[in-house]
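Trainee: Structure incoming, see below.
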Amino acid sequence: MSAAPRFEGRGVARAFRGGAGVHGIDLDVAAGEIHALVGLNGAGKTTLMRLFLGMLRPDSGEVRVCGVDVSRADAATWARVGQLVEHPLAYAELTGRANLEVAARLHGLDRAGVRAAVDRAIDEFDLGRYAGVRAGRLSLGNRQRVGIAGALLHEPEAIVLDEPTNGLDPAGVIVLRESLLRRAAAGAGILVSSHHLDEVARVADRITVLNDGRIIGSLDPGGFDLERAFFALVHDDDATRRAAA
Ligand SMILES: Nc1ncnc2c1ncn2[C@@H]1O[C@H](COP(=O)(O)OP(=O)(O)OP(=O)(O)O)[C@@H](O)[C@H]1O
């Protein structure tokens with residue numbers, strides 16, 4: 001029997017005042033899959049991710065995480081989830097290491113597990129030089145590295161990352177890429193948004209395009225000239241909606 005999808009959304013809708021939001025989204029993230037969301041600013045990527053994480057309640061539709069209805073997910077289910085959707089770090093006054101320890105505790109690891117997971121995360125994200133620095137003093141990119149490390153250090157099976165390459169230098173982008181590929185190979189299901197189509201193509205098994213709160217198609221990660229294919233989809237969708245208005 002195959003594993004339940006790590007995330008499963010059916011007919012998911014959430015409208016904000018003025019009509020923005022997401023509308024009728026069907027989207028799955030399978031175990032072992034990296035599923036990328038791309039779209040212009042305001043397309044609805046963050047909104048959809050927040051719905052998938054139970055941070056926003058849908059007006060209609062259903063979201064399941066690791067097979068559990070998100071509105072009924074308990075602490076044990078959330079311990080299987082790792083996410084970075086809003087601010088990378090909670091505590092500017094704490095060091096990078098202390099932030100990672102808090103993240104590990106919040107994910108339910110015991111004392112020995114916390115230490116091992118934090119050491120592994122510092123090593124994986126090459127944070128040794130910065131572990132003792134207060135988070136508020138870290139550069140944007142190093143703060144982002146600590147945030148990603150904190151989201152992933154408990155080896156979650158279901159992962160949501162909103163534009164994780166934000167602020168990362170080229171070395172950080174490679175570290176992130178390898179960490180996502182390794183986790184997917186180990187069975188994690190990963191939903192990730194990005195504006196960097198080339199980077200997305202390197203890691204994603206599937207690329208879904210959102211426009212104005214709706215899924216309008218997909219891009220082939222192995223395809224030629226993804227940028228052109230992306231804009232063709234968006235322009236066609238905009239033109240169709242204008243014609244119908
Ligand atoms: N809480 C809210 N109240 C009202 N409107 C909102 C709210 N959250 C998001 N929106 C609107 O919903 C739309 C989708 O926003 P969202 O942040 O999901 O887009 P995005 O694809 O993540 O964009 P970006 O690439 O800029 O991060 C936008 O028009 C945004 O202004």
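Trainee: Just name the residue that is nearest to S179 (Cα to Cα) out of those in the stretch 106-133 that are part of a helix (DSSP H, G or I) and among the aliphatic types (A, V, I, L, M).
Mentor: A121
Trainee: While we're on this one: With L161, L152 as the choices, which residue is within 16 Å of the ligand (Cβ to nearest atom) and closer than 25 Å to F7 by Cα? Reasoning before the result, please.
Mentor: Values: L152 fails: within 16 Å of the ligand (Cβ to nearest atom).
Testing whether each residue is within 16 Å of the ligand (Cβ to nearest atom) and closer than 25 Å to F7 by Cα leaves just L161.
Trainee: Going residue by residue through the stretch 41-52, is there one that turns out to be farther than 29 Å from H235 by Cα, assigned to a loop (DSSP other than H, G, I, E, B), within 15 Å of the ligand (Cβ to nearest atom) and not β-branched (V, I, T)?
Mentor: no
Trainee: Separate question: Select from the stretch 191-245 the residues that are part of a loop (DSSP other than H, G, I, E, B), more than 16 Å from the ligand (Cβ to nearest atom) and among the charged types (D, E, K, R) and write down the one among them that is surrounded by the most Cβ atoms within 10 Å (Cβ to Cβ). Break it down stepwise before answering.
Mentor: To start, the set of residues in the stretch 191-245 that are part of a loop (DSSP other than H, G, I, E, B) comprises 194-196, 204-205, 212-213, 220-225, 245.
Among the residues that remain, those that are also more than 16 Å from the ligand (Cβ to nearest atom) are: 204-205, 220-225, 245.
Next, only the ones that are among the charged types (D, E, K, R) stay: 205, 220, 225.
On the way: D205: 14, D220: 11, D225: 10.
Per the criteria, the residue is D205.
Trainee: Return the pairs, sorted by first residue and then second, in which the second residue is part of a helix (DSSP H, G or I) and buried (at least 16 other Cβ atoms within 10 Å of the Cβ), the first residue lies in the stretch 171-186 and is β-branched (V, I, T), the beta carbons are less than 7 Å apart, and the residues are 6+ apart or on different chains.
Mentor: From residues that are β-branched (V, I, T), the pairs are V173/E199.
Trainee: Could you say whether any residue in the stretch 57-79 is under 23 Å from I174 (Cα atoms), within 16 Å of the ligand (Cβ to nearest atom) and within 16 Å of the chain's Cα centre (by Cα)?
Mentor: no
Trainee: Shifting gears a bit: Of everything in the stretch 1-13 that's part of a strand (DSSP E or B) and more than 20 Å from W78 (Cβ to Cβ), which residue is nearest to the ligand (Cβ to nearest atom)? Don't jump to the end; show me each part of the working.
Mentor: First, the residues of the stretch 1-13 that are part of a strand (DSSP E or B): 7-13.
Then drop every residue that is not more than 20 Å from W78 (Cβ to Cβ), which leaves 10-11, 13.
Values: R10: 19, G11: 18, A13: 12 Å.
My answer is A13.
Trainee: Identify all residues within the stretch 164-178 that are within 16 Å of the ligand (Cβ to nearest atom) and closer than 29 Å to V70 by Cα; write none if there are none.
Mentor: The answer is P164, T165, N166.
Trainee: Then there's this: Any idea how many residues of the stretch 16-26 are under 11 Å from G44 (Cβ atoms) and more than 9 Å from the ligand (Cβ to nearest atom)?
Mentor: Matching residues across the stretch 16-26 total 2.
Trainee: Would you confirm, using the coordinates I've provided, whether L100 is out of contact with any strand residue (DSSP E or B) (no Cβ under 6 Å at 6 or more places or on another chain) and more than 17 Å from I148 (Cβ to Cβ)?
Mentor: The answer is no for L100.
Trainee: Determine whether R97 is more than 16 Å from the ligand (Cβ to nearest atom) and over 21 Å from the mean Cα position of the chain (by Cα). Steps first, answer last, please.
Mentor: Details: more than 16 Å from the ligand (Cβ to nearest atom): yes; over 21 Å from the mean Cα position of the chain (by Cα): yes.
So R97 passes the test.
Trainee: List, please: which pairs have Cβ atoms under 7 Å, are six or more places apart or on different chains, and start with a residue in the stretch 37-60 that is among the charged types (D, E, K, R) and end with one that is within 6 Å of the ligand (Cβ to nearest atom)?
Mentor: K45/G39
Trainee: Quick check on this structure: which one of A117, A31, A112 is outside the structural domain of G222 (by TED's automatic domain parsing), modelled with pLDDT of 95 or more and either within 16 Å of the ligand (Cβ to nearest atom) or of a type in the set (A, V, I, L, M, F, W, C) (or both)?
Mentor: Exactly one residue qualifies, and that residue is A117.
Trainee: Same structure, new question: Kindly establish whether I159 is outside any helix (DSSP H, G or I), crowded, with 17+ Cβ neighbours inside 10 Å and of a type in the set (V, I, T).
Mentor: Yes.
The values are calculated or read from the model by the stated rules, or taken from the named source; none is laboratory data. These numbers were taken from a predicted model, which means no experiment stands behind them. Because the Cβ atoms are built from the backbone with ideal geometry, glycine has one as well, and the counts that use them run over all protein chains shown.
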